[in-house]
1. Give me the net charge of Met111's neighbourhood, meaning all other residues with Cβ under 15 Å from the Cβ of Met111; Lys, Arg count +1, Asp, Glu -1.
2. Rounded, prolate or oblate: which fits region 1-106 when a ≥ b ≥ c are the square roots of the eigenvalues of the alpha-carbon gyration tensor, with rounded for a/c under 1.5 and prolate only if a/b beats b/c?
3. Give the span of region 121-198's Cα atoms along each principal axis, as three whole-Å numbers ordered largest to smallest.
4. Give me the count of lysine pairs in the chain whose alpha carbons sit under 20 angstrom apart, restricted to pairs 8 or more positions apart or on different chains.
5. Name the long-range amide H neighbours of Glu116: under 5 Å, sequence gap of 5 or more, or other chain; modelled H, no Pro or chain starts.
6. Order these by the 10 Å Cβ neighbour count, fewest first: Trp55, Trp75.
7. How many times 2.2 N^0.38 Å is the alpha carbon radius of gyration of the chain?
8. Using Cβ counts within 10 Å as a stand-in for footprinting exposure, how do Val132, Val146, Val153, Val8 rank, fewest first?
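Values in this text are rule-based calculations from the coordinates and carry no lab data. Source: prediction; values computed, not measured. Don't worry about glycine lacking a Cβ; one is built from the backbone with ideal geometry, like all the others, and counts go over all protein chains shown.
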Amino acid sequence: MTHPAISVPTLIAHRGYSAAAPENTLAAVRAAHQAGATWVELDVQLLKDDTPVIWHDGDVRRCSDGRGELANLTWQQAQQLDVGSWFGDRFAGEKMASLEAMLALLNELEMGVNLEIKVNKGRDPIRLVDVVLPAVLAALPPERLVISSFDPVALAHCRQHAPKEALALGALFGSVPKNWREQCEAVEAFSIHPHWPRLKQTQAAAMCRDGYQILCYTANDPSAFDSRWAWGIASAITDEPAAFKRYLDNRQRAGQPA
């Protein structure tokens, strides 16, 4: 059996349209949709009471008006936080998004998502997957979902929840390790998500030969990234989807390959 019939878009909005709205919020996903993005990349974690929320950091200092570790916050406490004012006054009062609310919005907008199982230091990958994955699989069709993680334990446990024809998994890497192929084969990965400046052309060629989709993060300068498209890159995960799209559209009008 093969993987879900996913049409990977050229551009995926990183944490929503995070150059235009506070990252990982409902507002950022709406902004991505308005800018023409069809997929977003988001992070999911658990609060103290096991409520799954869309959040990147292990604490709330950077992206809210509060302090504290995510692992010490209940849903009721998290909802007291303003997670928008730090970005701009017009986002004042934006609340941390629950996974449930985000899945509902993705379905309303008919968007796809690369959902990262974010295992921050000291957190339990097994518990995170057991809480998050059933809800996600129930809410989204397989062709609109890629689950990714840096954590091999999390990815292996995801695969135990669903076979590869029902769930596409992506292996996240900073520098691509020598045993990348073994790691991907172990979880029957659909895609590889390398940090784009550290990906080597020979590695990309081998990944393409092996049939993996390559989704590079986090590319924000379309001209700097331009040469990578020829390497067989499927998607650029970007904070700047609108700027990237303008660049690619202009290049296409100039008669250069997209």
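1. Local net charge: -1.
2. Judged from the Cα gyration tensor, region 1-106 comes out oblate (a/c at least 1.5, b/c at or above a/b).
3. Answer, in whole Å and largest first: 35, 31, 21 Å.
4. Close lysine pairs under the 20 Å cut-off: 5.
5. Leu42, Asp43, Val44, Ser148
6. Ranking Trp55, Trp75 by Cβ neighbours within 10 Å, fewest first, gives Trp75, Trp55.
7. Dividing the Cα radius of gyration by 2.2 N^0.38 Å gives 0.98.
8. Val153, Val8, Val132, Val146
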